[in-house]
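**Student:** My structure is below; once you've seen it, I'll send some questions.
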Amino acid sequence: MTDLLPKLLPAIAILGSLAALATAIPKKDPVRANKNLMRAAVGVGWAGLLTGAFGIYTGYLTSFAALIGTTGCAGLAVLPMGSDRASQPDIASASGALLPLAVGVSGFVFELKILGEPADAMLLYAAQWAIFCAAMTAALVASAFGWSHRWARAKDNDTPTYPRPLALHARDFALRAVLLGWFSWLVLILIHWRQIGAISMASPADWTMVGALLLATSTLLIFWSKRSVYFEIIFVVYAAVLGLGIYFGAPFGLIM
Amino acid sequence: MARRGRRRRSRSTRNATRDASVNPQLQRIWSHAIQAQNIGILFGVAGLTLVLTPLLRRPDDASSALVAGSWWTSAFYAPDVLGLAAALVGLALVMMLGMLWVRVEFAGRALKKESDPTEAPAADFTLARAPIPATIHDLVESSRANTLTWVGAACMVAGVGLLAGDWFYSQQKLPPAYVAIANGEVIQNYSVPLAKAPLTANLPRRVRLKDLQLGAEPTASIQIFRVGDAPDAPPSIVRTLPAGTGVNFDGLRITFSGVRASDDKLRAIFSSEAPKSVPAVASISNKFRVSLDGPEYKLLDVRKNYLSVMGPAAEIESSELGKFWVFERTSHTSVSPDLGHPIQLDRVESEMAGIFTLTTVQPFWPISLGGTLFVLGFALLIIFPERIVRTNKDDGGIRIWSFHEAGKLADHIVDETMVDDTVDQTSIKHAIADEEPDAVEAPEATKSESSDPESNGDSP
């Protein structure tokens, strides 16, 4: 029984992914059916995410399968949920479930037991990092849908087209994913406090986590409302200057 | 009614006075600065700095000063870079609050159903339709700006800001460090693994691990002595710590983090050639006997490979023989040399040591307050989402703004306008981001194109 429990989370991730994928199947009443399926997938994702997070936090779940299952559920949790106006099978939204599905299946395929004292810290960071990465991946998938929508054109000028504001949905989900990432950082802080009485271990893992969250927030804000290439050029110049500066040892305080 | 009019006039006078008092150039710079993209760039540079610095400053021999864990999970000390990143994040947060304030002011103006679109920031979604259905007017009424929405957004920004501030501040001080303490061992200092060389930090008190219990739920019993106390004086603090708990003393917190076999903490197992003797296990500074009536010995030192060639060895002291070394190799010879003592060294093995984390005591209130603000803001934004809908009679434009429900709201607007719709009278323009005007052609929308704020606006 104890061996089966960690496998439950990948199973939940697979179940939710299949529910989301089922929205692509033609139905008699696609609006209602797809909405309910997508809501079920997202609900299952949140249930698995919270169960996994609680199990990892209490030390009950220590296997790789549980960790990877939690990751898959996190991906489901931020899946597009606002497809209320799906007048046709929502293939784009359903495609976002492929990643959690793959992650859930890998939880059954790969076996890795994490034990020992240093492994506690590794598991802690890995869990937080996995949840964060899942959220960011889902946000990227959602953003890709938005871009694909922008390129769409009306097929027939005589037929009026009502473009679904999928790009706005993508932005909404990207925002939620970034907030989920910051939320997982708050959980990491609380776990650190419980373990060592400090807000952070001040380790490279902590630095990278916060840095990646800042980068994700930055990406979201830069592409929030794109009016011209002006800001993108500035961003590219910033990144190039920073990269060249680091390479040539510029005194950013980065090179000792 | 007259009172409301006076209040409105008073408010507009105040605003006009305030606007006049601000330098127009500064106002222009500020309005350009508080764009989402600029804030994003600041966050991006700070994030790049944090991600790249540990990789660039990775020590050549990271394991030399590590007690437990790995370089990846051990403390990393670089206050100069942290200061730079903290300054960037702080500036970005201030600008983000400014951006929120602009949105609050706009939402206040959005209470009016009809408004001048040129004064509005770029809409997230625009739909040109004439006449505007009555359901949309109802939506405008029902989607009035809710104060709690802005309270939620401000709470989230403030919560993250407080947590990030505490995170940056706490890492400017002495970083946490792992310490391995063997059974019976006393420590007075510990080593902090820094990038160039480990830093030795003195403890304000002596800490002794009195007892270490292994098993499924390990516990460590520690004693903390005052500085200057005699070695046989009673400890000032005695605690038995389950794993994950700690105790504070003199501004430091020591937490029992786990148990592991220590590479540098060794113990020796002795036996004796004398009759009626039993094997004995001893750690450094322990006293032991190998027979009930035999002399007492004290273990002074243990080496895995004495002088790199002699193999395992232990230094022992007794009142009769003084200090002497015992070698495992000699002990295992078939004909033992006459060394003047009966003790044999059976083997040397790694000792189980308690792993403790030493940190400076930090207040909990920033975490508590920051976390509460963040979660409260999150909940408020879920319960009271930002939904601003405005209409314009002249061009039949319906515009929406929302931070996190723009897609859902846009879907709803399109659904509402499709009811009893004669399609040739409608045109839709999807106006997020850099949507080209020709994405969906709009015969009537060309009329409103010139007054469309999104064509030149940059605000989110």
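**Student:** Work from the charge dipole of the stretch B:308-402 (Cβ charges, +1 for Lys and Arg, -1 for Asp and Glu, about the Cα centre) and give the residue of B:HIS332, B:THR357, B:GLN344 farthest towards its positive end.
**Tutor:** B:THR357
**Student:** When Cβ neighbours within 10 Å are restricted to other protein chains, what is their mean count per residue of peptide B:82-90?
**Tutor:** 2
**Student:** Using only atoms on other chains, find how many Cβ atoms lie within 10 Å of each Cβ of peptide B:357-364 and report the average.
**Tutor:** The shielding value for this peptide is 4.
**Student:** List the chymotrypsin sites (Phe, Trp or Tyr not before Pro) within the stretch B:344-403 that DSSP assigns to loop and that have no more than 16 neighbouring Cβ atoms inside 10 Å.
**Tutor:** Hits after loop and neighbour filter: B:PHE364.
**Student:** Let me ask something additional. According to a simple spin-label model (label point 7 Å from Cα along Cα-to-Cβ), what is the distance in nm between B:ARG58 and B:THR200?
**Tutor:** Label at B:THR200, label at B:ARG58, 3.0 nm between them.
**Student:** On alpha carbon coordinates alone, what is the Rg over Rh value for the stretch B:181-271, Rh being the Kirkwood radius?
**Tutor:** Reported Rg/Rh, Kirkwood definition of Rh: 0.98.
**Student:** Something else now. What ranking do B:SER170, B:SER272, B:SER368 get, fewest neighbouring Cβ atoms within 10 angstrom at the top?
**Tutor:** B:SER368, B:SER272, B:SER170
**Student:** Separate question: Please give the net charge around B:GLN171, taking every other residue with its beta carbon less than 13 angstrom from that of B:GLN171, where Lys and Arg add +1 and Asp and Glu add -1.
**Tutor:** After counting each charged neighbour, the total is -2.
**Student:** Could you please report the charge total around B:PRO366, scoring K, R as +1 and D, E as -1 over all other residues with beta-carbon less than 15 angstrom from its beta-carbon?
**Tutor:** So the surrounding residues net to 0.
**Student:** Right, next: Please go through the residue pairs B:LYS210/B:LYS304; B:LYS265/B:LYS298; A:LYS7/A:LYS35; B:LYS210/B:LYS265; B:LYS210/B:LYS323; B:LYS276/B:LYS323 and name each one whose alpha carbons sit more than 18 Å apart in this structure.
**Tutor:** B:LYS210/B:LYS304; A:LYS7/A:LYS35; B:LYS210/B:LYS323; B:LYS276/B:LYS323
**Student:** Under a plain spin-label model, where a point goes 7 Å from the Cα along Cα-to-Cβ, how far apart in nm are B:ASP264 and B:LEU369?
**Tutor:** Those two pseudo-labels are separated by 4.1 nm.
**Student:** Over the whole of B:400-408, what's the average partner chain Cβ count within 10 Å per residue? Rounded to a whole number, please.
**Tutor:** For peptide B:400-408, the averaged partner shielding equals 6.
**Student:** When ranked by the protection proxy of mean other Cβ atoms within 10 Å per residue, highest first, what sequence do the peptides B:39-46, B:233-240, B:178-185 form?
**Tutor:** For the peptides B:39-46, B:233-240, B:178-185, the packing ranking is B:39-46, B:178-185, B:233-240.
**Student:** May I ask you to compute the full-extension gain from B:VAL278 to B:THR240, defined as 0.36 nm times their residue separation minus their alpha-carbon distance, rounded to one decimal in nm?
**Tutor:** That works out to 10.6 nm of additional length.
Values in this text are rule-based calculations from the coordinates and carry no lab data. Just so it is clear, the model here is predicted, and its values are computed rather than measured. In this analysis, Cβ positions are derived from the backbone assuming ideal geometry, glycine residues included, and neighbour counts consider all displayed protein chains.
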